[in-house]
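Beneath this line is the structure, given in structure tokens, with notes to follow.
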Amino acid sequence: MFKKILLVLLVLIGAFAIYVALQPDEYRVERSVTVAAPAGAVFGNVDNLRNWEAWSPWAKLDPDAKVAFEGPEAGKGAAMTWDGDDNVGAGKMTIVESEPDKAVNIQVTFTRPFEGGTNSDFSFTPKANQTGSDQTEVTWAMHGTHNFMEKAFCVVFNGLGMMGNDIDKGLSQLKSVSEQS
């Protein structure tokens, strides 16, 4: 009886490992929101990392996290490091490309609770509504590659779904902050 249970368990583990291995190495999670504000107002809230505290989906998870800034205040080369509790871990984000009122590309590196990284891209597309008021479509995409363990985490804990939920929350808060300015 024990051997049968062990055999079934090994088959299940093997099937899970095969399923995980067949998942794509590359991932991309993208969401958009329309903000009732000009592109410049929204862009400034993303391009200046000091402004992230007001809208980032992760900022309130650990209000006691140690945050430091490096490089220029905004734009290419601006960087922010954080070191917090298990909810936010530790890492660094660096703006690697910034095109005023159009795009911001950020490299994110995690050092704790696990080592890894992702790319975080924002685009800002001006739009006019029916009354002619300025609006901006903001698209936030996170993308990169997963190793086997990261793919297993995403399968077990719906990691990409959680990432999408965080992006949605961040965009909602960015919309609120940008429309108030």
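What follows draws every value from the coordinates through simple rules; no lab data is involved. Here the structure is a predicted model, which means the values were calculated and not measured. With ideal geometry, Cβ positions are generated from the backbone for all residues, glycine too; neighbour counts draw on all protein chains shown.
Quick notes
- Under the combined filter of DSSP loop state and at most 14 neighbouring Cβ atoms within 10 Å, the range 79-136 retains these trypsin sites (Lys or Arg not before Pro): Lys102.
- √(5λ) per eigenvalue of the Cα gyration tensor, the chain, largest first, Å: 37, 19, 14
- Pairs exceeding 24 Å between alpha-carbon atoms, taken from Lys60/Lys151; Lys60/Lys175; Lys76/Lys151: Lys60/Lys151; Lys76/Lys151.
- Listed residues Phe16, Gly71, Val88: farthest to the positive end of the dipole of the range 13-156 (Cβ charges): Phe16
- The range 138-179 and the range 61-98 have Cα centres spaced 17 Å apart.
- Ordering Thr118, Thr111 by the number of other Cβ atoms within 10 Å of each residue's own Cβ, fewest first, gives Thr111, Thr118.
- Cα-based helix-to-principal-axis angle, 159-180 vs the chain, degrees rounded to 10: 10 degrees
- Under DSSP loop assignment and at most 13 Cβ neighbours within 10 Å, longest GluC sites (Glu not before Pro)-free interval of the chain: 1-72
- Label-zone membership for the range 58-91, site Gln107, 7 angstrom Cα→C-beta point, backbone N under 16 Å: 70-72, 75-81, 91
- Label-to-label distance, Leu22 versus Trp58, with points set 7 angstrom from Cα along the beta-carbon direction: 3.2 nm.
- The chain - charge dipole about Cα centre, Lys and Arg +1 at Cβ, Asp and Glu -1, debye rounded to 20: 660 debye
- Summed side-chain charge close to Ala59 - residues other than Ala59 whose Cβ falls under 12 Å, Lys, Arg +1, Asp, Glu -1: -1
- On Cα atoms only, tilt of 2-21 relative to the major axis of the chain in degrees: 30 degrees
- Where chymotrypsin sites (Phe, Trp or Tyr not before Pro) fall in DSSP loop in the range 72-181, at most 11 other Cβ within 10 Å: Phe114
- Counted charge near Asp134, where neighbours are those whose Cβ lies closer than 13 Å (Asp, Glu -1; Lys, Arg +1): -2
- The HN-Hα couplings worked out from phi for the range 105-115 by the Karplus form 6.51 cos²θ - 1.76 cosθ + 1.60 (θ = phi - 60°) are 10, 10, 9, 10, 10, 9, 10, 7, x, 9, 8 Hz, whole numbers, x standing for Gly and Pro.
- One chain, two ends: Lys76 and Lys4. Fully extended at 0.36 nm per residue, the span grows by 20.0 nm beyond their Cα-Cα distance.
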